[in-house]
Amino acid sequence: MRGYDESTYGDSFADVYDEWYRNVSRIDATVDRLRALGGDGPFLELGVGTGRLALPLAATGASVTGIDTSDAMLDKLAEKDPGGTVKVVRGDMVDDLPTGPFAAVFVAYNTLFNLADPERQAALFHAVSARLEVGGHFVVEAFVPDPQRPAGSTVTVRTMAADRLVLLADVHDPDRQIVEGQFVEFTDDERVRLRPYRIRYSTPVELDRMARLAGLELQSRTEDMAGAPFDDDSPAHVSVYCRA
């Protein structure tokens, strides 16, 4: 997508992220799972955004650092966290990671797929592995790609209200494993707002291969943070990798 870079998503969605994605996953289950894996931390969240997960995790007394490229997202986080309970790094989640070591690193809700190609995704696994404590964990939450989804474009309705309509238009390229889209928002004052996104998805098998090459072993895989069993019909996965 012309003009799109790694900060575009965050800058485009920061003003609606908390409203649109508040219930995209169970925050309480995520915090409990992370604390069970990493104790008091220190934790590192990749793509921390507005702090949807990092702030509740820090509220339990854990040490939490978050990294994000989007100034707009991090400005929202700062508004919600004036006391600075979450340490913030403005930068790329591959090239600018803090040194650590961390008890656990986590990347939630498909954020890994914001990296533009498989080489960048593989580089992330190496960067994380280098910053984990021995025995530390890398937790990846992502959707399972649908192998039956055809190539081409779709348009669907995300939100319809008396004063607002939000459409989702996207294009799927299965050969490159890329989906590019726009949320198109119409309001009754005749404004139109475009919110673009681009993902390059990977299958669980591909992620496992990246992890092995980075010195990480798959420890567990569930359908969600609450621990529902993962099977061939699961639409999503939470994969926990361990640095041996």
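The values are calculated or read from the model by the stated rules, or taken from the named source; none is laboratory data. Note that this is a predicted model, so its numbers are computed, not measured. Please note: Cβ atoms are built from the backbone with ideal geometry, for glycine as well, and neighbour counts cover all protein chains shown.
Restricted to region 226-241, and to residues there that are of a type in the set (A, V, I, L, M, F, W, C) and either within 13 Å of L34 (Cα to Cα) or under 16 Å from the mean Cα position of the chain (by Cα) (or both), the residue that is surrounded by the most Cβ atoms within 10 Å (Cβ to Cβ) is V238. Within region 136-156, being of a type outside the set (S, T, Y), in a strand (DSSP E or B) and within 23 Å of the chain's Cα centre (by Cα) holds for G136, H137, F138, V139, V140, E141, A142, F143.
Is it fair to say D189 is outside any strand (DSSP E or B), farther than 29 Å from Q121 by Cα and not assigned by TED's automatic domain parsing to the domain that holds A116? Answer is yes for this residue. Inside region 96-122, residues that are more than 15 Å from Y241 (Cβ to Cβ), in contact (Cβ under 8 Å) with a residue 12 or more places away in the chain and not in a loop (DSSP other than H, G, I, E, B) make up a count of 5. Checked across region 204-219, the condition of being buried (at least 17 other Cβ atoms within 10 Å of the Cβ), assigned by TED's automatic domain parsing to the domain that holds D15, in contact with a Lys or Arg (Cβ under 6 Å, 6 or more places away or on another chain) and in a loop (DSSP other than H, G, I, E, B) holds for no residue. Within region 204-225, the residues that satisfy the criterion of being among the aliphatic types (A, V, I, L, M) and touching a strand residue (DSSP E or B) at 6+ places or on another chain (Cβ under 9 Å) are L207, M210, A211, A214, L216, L218, M225. I'd like to check something: does region 174-181 contain any residue that is in contact with a strand residue (DSSP E or B) (Cβ under 8 Å, 6 or more places away or on another chain), modelled with pLDDT under 95, of a type outside the set (D, E) and surrounded by 15 or more Cβ atoms within 10 Å (Cβ to Cβ)? Yes; the residues of region 174-181 include at least one that is in contact with a strand residue (DSSP E or B) (Cβ under 8 Å, 6 or more places away or on another chain), modelled with pLDDT under 95, of a type outside the set (D, E) and surrounded by 15 or more Cβ atoms within 10 Å (Cβ to Cβ).
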